[in-house]
Amino acid sequence: MTAGRRGRRLPRRFYRRDPRVVAPELLNKVLVAGRRAGRIVEVEAYCGAEDPGSHAFRGPTARNATMFGPAGGLYVYFTYGMHWCANAVCGDEGVGVAVLLRALAPLRGLEEMRAARLAARRDRDLCSGPAKLCQAFGLDRSFDGADLVTADRGITVVDDGVDPPPAPATSVRIGLSAGADLPWRWYVPGDPHVSRLAPPPLRSPGAASPSGFQG
DNA sequence: ACCGGGATGTTCT
DNA sequence: GAACATCCCGGTG
């Protein structure tokens with residue numbers, strides 16, 4: 001068949017670059033897992049040994065091993081005792097860099113997502129956070145190390161013809177202590193499925209008031 | 001709308 | 001023992 005309306009998978013060379021380049025290009029691509037699909041609207045870059053906020057900052061461990069594997073791998077980790085988060089591994093093998101998938105706009109398989117996300121009162125809350133989207137898609141440890149390029153375990157990222165936003169919104173990353181000042185978050189301006197407009201206000205004397213915009 | 005706190009357990013010091 | 005790339009609920013305005 002043709003590539004079709006579901007789009008075509010991203011080649012390995014797409015991932016095999018600096019995560020700060022890959023991240024904004026992942027915006028408006030589509031994450032597909034089984035019958036569920038969602039458009040990527042928010043991402044963050046994690047930059048390995050040069051990034052104190054990255055799990056890979058102190059080198060390989062059992063937990064972060066996937067980050068040091070081939071580009072296009074899916075790094076799924078467990079945090080806060082109950083949540084899973086998913087990243088697309090980037091760069092050269094052995095480097096330990098990745099892009100965190102932070103929010104999606106649900107496209108297909110909404111019934112399954114609702115069943116997996118009983119706490120979500122509105123559809124816009126199904127995938128509006130890194131752990132929410134993993135819960136909605138049923139992503140857990142069993143998906144760690146899946147290859148997005150070959151749709152290993154049924155999960156992949158496709159391009160369905162929608163370009164990334166020409167002027168993506170940027171901010172510092174959400175929820176970090178180390179590396180909190182690095183502006184490596186990108187999102188689709190105005191999209192209601194983004195997790196938050198701006199990170200929790202870090203109050204400092206004389207700081208300018210944040211100027212977020214979104215309908 | 002905007003807070004504040006609790007849940008929950010793996011990973012690393 | 002502390003930290004943690006989070007989420008949800010219940011308070012208050």
Computed about the Cα centre, the charge dipole of the range A:8-187 from +1 Lys/Arg and -1 Asp/Glu charges at the Cβ has a magnitude in debye, to the nearest 20, of 460
Computed, not fitted: 222 nm per-residue ellipticity of chain A from DSSP H runs ≥ 4 (each -39500 (n - 2.57)), nearest 500, equal to -3000 deg cm²/dmol
Rounded to the nearest whole Å², what accessible area per residue is found for chain A with the 1.4 Å probe? 50
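For chain A, which whole-number percentage of the solvent-accessible area (1.4 Å probe, protein heavy atoms only) is attributable to carbon and sulfur atoms? Could the numbers behind the result be given before it?
On the way: 5790 of 10740 Å².
Answer for chain A is 54 percent, counting heavy atoms of protein chains only.
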Got a number for the accessible area of A:His55? Probe 1.4 Å, square angstrom, nearest 10. 70
In the range A:135-152, which residues have a backbone nitrogen under 16 Å from the label point lying 7 Å from A:Met82's Cα in the Cα-to-Cβ direction? A:135-136
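Can you give the longest run of chain A that contains no chymotrypsin sites (Phe, Trp or Tyr not before Pro) sitting in a DSSP loop with at most 12 other Cβ atoms inside 10 Å?
Values: sites that count: A:Tyr80, A:Phe213.
Longest run free of exposed loop sites: A:81-212.
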Would you mind telling me which residue in A:Ala131, A:Ala45, A:Ala65 has the biggest mean-square fluctuation in a Gaussian network model of chain A, where springs connect alpha carbons within a distance under 10 angstrom? A:Ala65
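The values are calculated or read from the model by the stated rules, or taken from the named source; none is laboratory data. As the structure is a prediction and not an experimental result, all values here were calculated from the model. Quick reminder, even Gly has a Cβ in these numbers, built from the backbone with ideal geometry, and neighbours come from all protein chains shown. These accessible areas exclude ligands, DNA and RNA; they are computed on the full protein's heavy atoms, side chains included. Shrake-Rupley method; radii C 1.70, N 1.55, O 1.52, S 1.80 Å.
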